[in-house]
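The values are calculated or read from the model by the stated rules, or taken from the named source; none is laboratory data. In this text the structure is predicted, and so the values were computed from the model without any measurement. When we count neighbours, we look across all protein chains shown, and the Cβ atoms used for this are built from the backbone with ideal geometry, even at glycine. Surface accessibility is based on the protein's heavy atoms, side chains included, excluding ligands, DNA and RNA. Shrake-Rupley method; radii C 1.70, N 1.55, O 1.52, S 1.80 Å.
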Amino acid sequence: MWQQAHVVERIDWNERLFTLKLSADIGDFIAGQFIKLSQVINDKRVARAYSLVNAPSSQYLEILAVSVEEGKLSPQLQTLNVGDSIDISTKATGFMTLDELPAQGQHLWLFATGTAVGPFISMMRTNQPWLRFNKVILVYGVRQANDLAYYPELQQLKLTYPQQFELVTSVTREKGVGTIDSRIPDAVAAGVIEAQVGLKLTPKDAQVMICGHPEMIKSLTQQLKERGLATNLRRAPGQITVEKYW
């Protein structure tokens with residue numbers, strides 16, 4: 001079940017938020033899936049799931065993590081440097097992938113808070129969303145501006161796909177140029193996000209993927225259902241696909 005991965009690079013976005021690039025062979029995976037990292041701490045194995053940020057074609061695996069003071073594994077992960085090792089699961093898993101979405105819908109709406117942006121970046125590093133959807137809208141919510149991991153890459157995507165990609169950032173604890181300062185569900189309810197991107201979020205046109213804080217997911221999902229969107233199930237295709245991040 002476990003194998004060793006070695007850290008080949010780390011990126012520190014701020015004092016708590018970091019990226020680890022790992023060398024390990026987990027076989028093929030689909031953008032949006034996750035692996036588990038693990039350590040034996042005080043004679044007990046501690047394992048946590050982390051979404052892969054890298055595209056499936058990448059040479060290295062990549063995870064985005066935040067060190068939580070009371071966390072059982074994340075503080076240990078933050079101490080890892082190039083050359084250090086960590087146990088990793090032998091394959092990726094998970095169903096929050098573009099392959100699981102119904103064929104309907106021309107607009108892909110991606111809603112993420114914090115490190116939950118990771119699987120969406122993995123998807124956008126492939127050709128799949130750009131070949132399939134007319135518009136890809138990423139709504140990325142954080143507390144402070146320096147929590148916006150991968151922001152330069154997201155800006156570059158806007159330059160690469162100027163007519164196709166829309167980026168909306170929500171920074172709730174400080175004012176910033178080009179961002180909204182309210183929680184994602186509040187901004188959706190007020191119509192702020194739709195006004196910014198110039199699109200309506202409708203059952204006919206949208207496929208929605210939501211990843212992050214359970215309360216954000218619950219609130220936003222309820223709003224979308226009130227608009228006529230439905231949860232996407234294999235037995236009953238809909239427009240809303242979710243993944244809770246804890």
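Restricting attention to segment 202-220, the residues that are assigned to a loop (DSSP other than H, G, I, E, B) and either touching a helix residue (DSSP H, G or I) at 6+ places or on another chain (Cβ under 6 Å) or among the acidic types (Asp, Glu) (or both) add up to 1. In the set (1) closer than 17 Å to Glu153 by Cβ; (2) open to solvent by 70 Å² or more (accessible area, probe 1.4 Å); (3) not in a strand (DSSP E or B), Asp25 fails one condition alone, (1). Scanning segment 73-95 for residues that are part of a strand (DSSP E or B), among the hydrophobic types (A, V, I, L, M, F, W, C) and either in contact with a Gly (Cβ under 7 Å, 6 or more places away or on another chain) or farther than 16 Å from Arg10 by Cα (or both) yields a single hit, Ile88.
I'd like to know if segment 200-216 contains one or more residues that are over 25 Å from Phe95 (Cβ atoms) and either free of Cβ contacts under 8 Å to residues at least 24 places away in the same chain or open to solvent by 10 Å² or more (accessible area, probe 1.4 Å) (or both). Yes; the residues of segment 200-216 include at least one that is over 25 Å from Phe95 (Cβ atoms) and either free of Cβ contacts under 8 Å to residues at least 24 places away in the same chain or open to solvent by 10 Å² or more (accessible area, probe 1.4 Å) (or both). Scan segment 115-141 for residues that are of a type in the set (Val, Ile, Thr) and open to solvent by 10 Å² or more (accessible area, probe 1.4 Å) and jot them down. Passing the criteria: Thr115, Thr126. Within segment 54-67, being in contact with a Lys or Arg (Cβ under 8 Å, 6 or more places away or on another chain) and of a type in the set (Val, Ile, Thr) holds for one residue alone: Val66. Residue count for segment 168-192, restricted to those that are within 16 Å of Ala116 (Cβ to Cβ) and either touching a Gly at 6+ places or on another chain (Cβ under 9 Å) or among the β-branched types (Val, Ile, Thr) (or both): 7. Within segment 225-240, is there a residue that is assigned to a helix (DSSP H, G or I), open to solvent by 30 Å² or more (accessible area, probe 1.4 Å) and of a type outside the set (A, V, I, L, M, F, W, C)? Yes - at least one qualifying residue is present in segment 225-240. Within segment 28-42, restricting attention to residues that are hydrophobic (A, V, I, L, M, F, W, C) and within 15 Å of Asp84 (Cα to Cα), the residue that is surrounded by the fewest Cβ atoms within 10 Å (Cβ to Cβ) is Val40. Residues in segment 180-191 that are open to solvent by 40 Å² or more (accessible area, probe 1.4 Å) and under 21 Å from Ala149 (Cβ atoms): Asp181, Arg183.
When we screen Leu101, Leu159, Leu167 for residues that are under 24 Å from Ala65 (Cβ atoms) and among the hydrophobic types (A, V, I, L, M, F, W, C), the only hit is Leu167.
Out of all the residues in segment 71-82, is one or more modelled with pLDDT of 95 or more and among the basic types (Lys, Arg)? No - not one qualifying residue is present in segment 71-82. Restricting attention to segment 57-77, report how many residues are open to solvent by 20 Å² or more (accessible area, probe 1.4 Å) and touching a Ser or Thr at 6+ places or on another chain (Cβ under 7 Å). Summing the residues that are open to solvent by 20 Å² or more (accessible area, probe 1.4 Å) and touching a Ser or Thr at 6+ places or on another chain (Cβ under 7 Å) in segment 57-77 gives 4. Residues in segment 94-128 that are within 18 Å of Pro152 (Cα to Cα) and charged (D, E, K, R): Arg125 alone.
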